[in-house]
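Trainee: Before I ask anything, let me first share the structure, which is written out below as structure tokens.
Values in this text are rule-based calculations from the coordinates and carry no lab data. This structure is a prediction, so every number in the text was calculated from the model and none was measured. Positions of Cβ are backbone-derived with ideal geometry, glycine not excepted, and every protein chain shown enters the neighbour counts.
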Amino acid sequence: MKQAAKLLNVAYNTFKKYAKLYEVFDPSKSNVGISRGISGGVKQPELSNIFAGNQPTYSTTKLLHRCFREGYLKEECSNCGEERYRASDMSKPLMLDYMDDDSTNKELINLRVLCFNCFFIMKGKRLKVKQPRNIREFQKATANLFSSE
């Protein structure tokens, strides 16, 4: 039935509604499902293996979301407590921070969650994050304004 809905390019629930209306709805008992064209898929490594250092190149973003989902880290800034969602994309502006600045050291004790503001305030100069030109000009103009008084 799902394959028929897919073939007709309609939502499964819509197909199901009309199939029941015309008494042709007969779901299979096998529950095989629709092939998605993926053979096997990629199995994600266990978080315990990542924390033990066995996966030093594991994606920081994936690790952050898995730690949230599995309850290892709270979904808020560990410095200021910021936990609001952005209205534009309904996500939380949080980053995973490595306290020793070594992104291959993925031990749980070395990880913390920071909002963008806290990250750039705490780590910006140390990590040599380049400020945009307009911000540098604004800072110079502000410094000149208050230094002349």
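Trainee: Here are a few candidate values for P(r) over Cα pairs in 10 Å bins from 0, in percent: (i) 10, 33, 33, 17, 6, 1, 0; (ii) 12, 43, 32, 9, 4, 1; (iii) 9, 23, 20, 18, 17, 9, 4, 1, 0. Which one was actually calculated from the structure I just gave you?
Mentor: Given (i) 10, 33, 33, 17, 6, 1, 0; (ii) 12, 43, 32, 9, 4, 1; (iii) 9, 23, 20, 18, 17, 9, 4, 1, 0, the structure-derived one carries the label (iii).
Trainee: Quick one: of LYS62/LYS123; LYS43/LYS123; LYS43/LYS92; LYS2/LYS62; LYS74/LYS125; LYS16/LYS62, which pairs are farther than 24 Å apart, Cα to Cα?
Mentor: LYS43/LYS123; LYS43/LYS92; LYS2/LYS62; LYS74/LYS125; LYS16/LYS62
Trainee: Now, a different point. For the chain, with the dipole built from +1 on Lys and Arg beta-carbon atoms and -1 on Asp and Glu ones, taken about the Cα centre, which of SER48, THR61, ILE109 lies farthest toward the positive end?
Mentor: Most positive-ward Cα: THR61.
Trainee: Express the relative contact order of the chain as a whole percentage, based on alpha carbon pairs under 8 Å and six or more residues apart in sequence.
Mentor: Answer for the chain is 17 percent.
Trainee: Treating only the Cβ of Lys, Arg, Asp and Glu as charged (+1, +1, -1, -1), what charge dipole size does the chain show about its Cα centre? Round to the nearest 20 debye.
Mentor: 540 debye
Trainee: Right, something else. Sort 5-17, 103-115, 55-67 by the packing proxy (mean of other Cβ within 10 Å over each peptide's residues), most packed first.
Mentor: Result, highest mean Cβ count within 10 Å first: 103-115, 55-67, 5-17.
Trainee: Starting from the Cα gyration tensor of the range 47-135, multiply each eigenvalue by 5, take the square root, and state the resulting semi-axes largest first in whole Å.
Mentor: After scaling each eigenvalue by five and taking roots: 23, 18, 11 Å.
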